């Protein structure tokens, strides 16, 4: 499909369902933003010596709560694009076995994405040390090296975006086969996205202008996620993943 076709198809699926889609995405956004605000407030009003521990606790609690919400949200969107029953959303929130596997999947996705940022982080750290550290180098050489490392770090961010794009079908694959090993789901997702990443980035970028005012994000998210579900369905159907 073309990008315009993904968007128009998503619009068709949202006809008469936009309210439900809005609630599904808004709940996830609200919970995530609430926890982020709580972490920021703790940093602002508490002893910084204990902030890392508190932030870790807040992050874990947020992850535990977000897991069933994300699972239910992905399930609703994928059931909708597959033309199947999407009225049993609450059943997913009470499925311990399903949510336990989902937690493993999302944790693997987070770790994989985090590790893909290391090369860029190393370059940015090296650039910072060259500029502000006591390296003993001449200022001109240090600035030149810092600039090179900074630009390399920017280029290596492509590794992170590539890794993130490779995991796009993973939640939808999991919804299709919740009994599958999360490691296998991640591997299969990466295989399915070979040669598809640019198209997905173009799809995501097509929604960015509408999200720039920030306040419009909750209203654009239903369309964006539905488009991602349409994209994932197409990619999965073209594979032999059974």
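The values are calculated or read from the model by the stated rules, or taken from the named source; none is laboratory data. Bear in mind the structure is a predicted one, so any value in this text is a computation, not a measurement. FYI the Cβ positions are ideal-geometry reconstructions off the backbone, even for glycines, and counts take in every protein chain you see.
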* Go through the range 4-24 and give me each residue that's in a helix (DSSP H, G or I) and surrounded by 15 or more Cβ atoms within 10 Å (Cβ to Cβ). => 6, 7, 9, 10, 13, 14, 18, 20, 21, 22, 24
* **Tally, over the range 1-24, of residues that are touching a residue at least 24 places away in the same chain (Cβ under 8 Å) and more than 19 Å from residue 218 (Cα to Cα)** => 4
* Structure fact -> Note on the range 25-50: residues modelled with pLDDT under 75, surrounded by fewer than 15 Cβ atoms within 10 Å (Cβ to Cβ) and either under 21 Å from residue 217 (Cα atoms) or in contact with a helix residue (DSSP H, G or I) (Cβ under 6 Å, 6 or more places away or on another chain) (or both) are 43
* **Filter result (within 16 Å of residue 103 (Cα to Cα) and either free of Cβ contacts under 8 Å to residues at least 24 places away in the same chain or touching a strand residue (DSSP E or B) at 6+ places or on another chain (Cβ under 6 Å) (or both)) within the range 180-203** => 180, 181, 184
* Asked: Is there a residue being under 18 Å from the mean Cα position of the chain (by Cα), surrounded by fewer than 13 Cβ atoms within 10 Å (Cβ to Cβ) and at pLDDT below 95 anywhere in the range 172-185?
  -> yes
* Which numbered condition residue 1 fails, given (1) closer than 25 Å to residue 101 by Cβ; (2) part of a loop (DSSP other than H, G, I, E, B) -> (1)
